[in-house]
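A short write-up of the structure that comes next.
The values are calculated or read from the model by the stated rules, or taken from the named source; none is laboratory data. Only a predicted model underlies this, so the values are computations on that prediction, with no experimental measurement involved. A quick note on method: Cβ atoms are made from the backbone with ideal geometry, for glycine too, and the neighbour counts reach across all protein chains shown. Note: areas computed on protein heavy atoms with side chains; ligands, DNA, RNA excluded. Shrake-Rupley method; radii C 1.70, N 1.55, O 1.52, S 1.80 Å.
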Amino acid sequence: AANIILRFVQTALEYQTDGEQFQYENYLFPEDSLYYPYCDCEDRSFLYGYLVGTMLGLDVVGLEYPGHVATAVRFNENVPGDALLIGGSRYLICDPTFINANIGECMPQFKNVTPMVIKAQRRR
């Protein structure tokens, strides 16, 4: 299910940077990503995190790389793939901007980069 949601976010939304679309940095709420014609990496990550957290009840964190934002999900079972250890738990990288990548696939240019972890409270 997490992979189906990932593929939806990767392919159903057109990509454009905030500079191209708005001429300034603009962080979209998940609902806004479905409204505006384009979204960028952090917008897709917010949407993916919201959908996985709400629909599947899984913990999601944001991952901030130089010039890029992705997500990582803590699954209830051992799923193979690229992962990070966060607070003693294993989080699998799920990148909503890496088109057609499955859960557990990190963009090649970030495989050896340690991202800053962004924790957020889930809306209830």
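Here are the numbers for this structure:
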{"read-out": "Backbone HN-Hα couplings from phi across region 64-70 [Karplus 6.51/-1.76/1.60, Hz, Gly and Pro as x]", "value": "9, 9, x, x, 8, 10, 9"}
{"read-out": "Relative contact order of the chain, pairs being alpha-carbon contacts under 8 Å that are 6 or more residues apart, as %", "value": "25 percent"}
{"read-out": "Karplus-derived 3J(HN,Hα), 6.51/-1.76/1.60, for each residue of region 20-36, Hz, glycine and proline x", "value": "6, 7, 10, 6, 7, 6, 9, 7, 8, 5, x, 5, 5, 5, 7, 8, 6"}
{"read-out": "Rel. contact order, % - alpha carbon contacts under 8 angstrom, at least six apart, region 59-124", "value": "34 percent"}
{"read-out": "Phi-based couplings in Hz for region 112-117 (Karplus 6.51, -1.76, 1.60; Gly and Pro marked x)", "value": "10, 10, 8, x, 7, 8"}
{"read-out": "On Cα atoms only, tilt of 41-51 relative to the major axis of the chain in degrees", "value": "60 degrees"}
{"read-out": "On Cα atoms only, tilt of 2-12 relative to the major axis of the chain in degrees", "value": "20 degrees"}
{"read-out": "Contour minus Cα-Cα distance for Ser89 and Gln23 (0.36 nm per residue)", "value": "19.9 nm"}
{"read-out": "All-pairs alpha carbon distance profile, the chain, 5 Å steps from 0, percent", "value": "2, 12, 24, 25, 21, 11, 4, 1, 0"}
{"read-out": "Residues with amide H under 5 Å from that of Phe75, placed H, sequence gap 5 or more", "value": "Leu92"}
{"read-out": "By average C-beta atoms within 10 angstrom, highest first, the peptides 23-29, 64-70, 36-42", "value": "36-42, 64-70, 23-29"}
{"read-out": "Accessible solvent surface per residue of the chain, calculated while the other protein chains remain in place, 1.4 angstrom probe, Å²", "value": "57 Å²"}
